[in-house]
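These notes concern the structure reproduced below.
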Ligand code: PMP
């Protein structure tokens, strides 16, 4: 017996429940293809929405930074890790987002956790959508503020909780803009109005919407007409921007505050300069090539219609490149994902704790690298596979 034996028992339990995660090695092959366990698959599980992670323009920019600064940042931004590449990207992000300033974090996860914990604490109230990303939930919990989880998108509960929180020192609403596992959009305009009425702050995580939504690619805040409001905008460089790292964009005072108080930024090594350079190049592409997001969104809409009309269970309100197909049971979801792999498609099997119990799902993540023929092939195989693995 060792003090670690309980771990093996727990792993066995997770395996029995279909909830064990296994490591896999994925080799990107370009053009949306990858190789997993020796099999060539079309990748419908990546967040590289605009196909930029393999873009030569990003590589060229990253190579220049790599040659100049080396592979690592050497220290946190507060100490000596902030290079010209970091400064340039922060300025570029602020211009892109139309905000006073922006601040980089090592990851989007760290941006959410560190920002929430820097904005609220004891004596404050934080309101969190039930389906928010884990990093928002973790930030709320770490903050020590009183946490109120509201039903998904339920603006009436938000209003009620804000009334109840009238005596709180500070109030903060946190939400994904495009929900990462459900693919639907938060009622951002209503949340902003409620926040403004009650003197609350609003933090919007645009991780899956930056570069994908909005006339200039700024995300769903732009699409909702919320430009210019003092919203705390969180983003990641790791999805549509094809790089790595997180950021917050907003008013100057907010950014100054986070630079000296957000612990996940203060006590973690700054981003690799090459990641900053690649993200800068990606922002240029987002601005110059709006056709990428337009094609992505119209292809996603076509796939959604095709799957829905075949009777598959797609949650209502799904609007972008994330298309979940609900199955419910984790084992069945895994079996369906395996069957799709045998037909050449990599689709993520999403299970608890990523989603609530009973809502396991296949999550299709479309990118601009999927051709109409790829999408048609996936739809046909999915319909066939799910007929033989009914939920
Ligand atoms: N927010 C959301 C909504 C996400 O889906 C993710 C990543 N899955 C993150 C934040 C974290 O971003 P990063 O991968 O850059 O840590």
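The values are calculated or read from the model by the stated rules, or taken from the named source; none is laboratory data. Note that the structure is predicted; figures quoted are calculated from it, not measured. Reconstructed Cβ throughout: ideal geometry from the backbone, glycine too, with neighbour counts over all protein chains shown.
Quick look at the numbers
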quantity: Hey, residue 253 more than 14 Å from the ligand (Cβ to nearest atom), under 22 Å from residue 130 (Cβ atoms) and surrounded by fewer than 24 Cβ atoms within 10 Å (Cβ to Cβ) or not; calculated: no
quantity: Segment 225-242, residues that are in a loop (DSSP other than H, G, I, E, B) and touching a strand residue (DSSP E or B) at 6+ places or on another chain (Cβ under 9 Å); calculated: 226, 229, 230, 231, 237, 238, 241
quantity: Neighbours by Cβ (under 7 Å, 6+ apart or cross-chain): first from segment 125-136, more than 16 Å from residue 154 (Cα to Cα); second more than 8 Å from the ligand (Cβ to nearest atom) and in a loop (DSSP other than H, G, I, E, B); calculated: 125/145; 125/165; 125/168
quantity: Residues (free of Cβ contacts under 8 Å to residues at least 40 places away in the same chain, within 18 Å of residue 365 (Cα to Cα) and in contact with a helix residue (DSSP H, G or I) (Cβ under 8 Å, 6 or more places away or on another chain)) located in segment 15-42; calculated: none
quantity: Residue in segment 162-185 that is assigned to a loop (DSSP other than H, G, I, E, B), free of Cβ contacts under 8 Å to residues at least 60 places away in the same chain, under 20 Å from residue 225 (Cα atoms) and more than 16 Å from the ligand (Cβ to nearest atom) present; calculated: no
quantity: Residue count for segment 110-136, restricted to those that are near the ligand (Cβ under 8 Å from one of its atoms) and in contact with a strand residue (DSSP E or B) (Cβ under 7 Å, 6 or more places away or on another chain); calculated: 6
quantity: Out of 300, 279, sole residue that is assigned to a helix (DSSP H, G or I) and touching a helix residue (DSSP H, G or I) at 6+ places or on another chain (Cβ under 7 Å); calculated: 279
quantity: Residue within segment 363-378 that is in a strand (DSSP E or B) and closer than 14 Å to residue 331 by Cα present; calculated: no
quantity: Residue 201 being surrounded by fewer than 24 Cβ atoms within 10 Å (Cβ to Cβ), under 18 Å from residue 86 (Cβ atoms), touching a residue at least 12 places away in the same chain (Cβ under 8 Å) and more than 16 Å from the ligand (Cβ to nearest atom); calculated: no
quantity: Conditions (1) farther than 20 Å from residue 263 by Cα; (2) touching a residue at least 40 places away in the same chain (Cβ under 8 Å); (3) more than 13 Å from the ligand (Cβ to nearest atom); (4) surrounded by fewer than 24 Cβ atoms within 10 Å (Cβ to Cβ); number of the one not met by residue 91; calculated: (2)
quantity: Pick from segment 138-160, criterion in contact with a strand residue (DSSP E or B) (Cβ under 8 Å, 6 or more places away or on another chain) and without any contact (Cβ under 8 Å) to a residue 12 or more places away in the chain, ranking: farthest from the ligand (Cβ to nearest atom); calculated: 157
quantity: Test result for residue 214, over 12 Å from the mean Cα position of the chain (by Cα), free of Cβ contacts under 8 Å to residues at least 12 places away in the same chain and more than 12 Å from the ligand (Cβ to nearest atom); calculated: yes
quantity: Which listed residue is in a strand (DSSP E or B) and touching a helix residue (DSSP H, G or I) at 6+ places or on another chain (Cβ under 8 Å), from 127, 66; calculated: 127
quantity: Among the candidates 316, 371, residue that is over 23 Å from residue 21 (Cβ atoms), at pLDDT 95 or above, out of contact with any helix residue (DSSP H, G or I) (no Cβ under 8 Å at 6 or more places or on another chain) and surrounded by fewer than 18 Cβ atoms within 10 Å (Cβ to Cβ); calculated: 371
quantity: Condition met for residue 327 (touching a helix residue (DSSP H, G or I) at 6+ places or on another chain (Cβ under 8 Å) and in a strand (DSSP E or B)); calculated: yes
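Okay, residues lined up against (1) surrounded by fewer than 16 Cβ atoms within 10 Å (Cβ to Cβ); (2) in contact (Cβ under 8 Å) with a residue 60 or more places away in the chain:
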| site | (1), (2) |
| --- | --- |
| 345 | no, yes |
| 349 | no, no |
| 361 | no, yes |
| 378 | no, yes |
| 387 | yes, no |
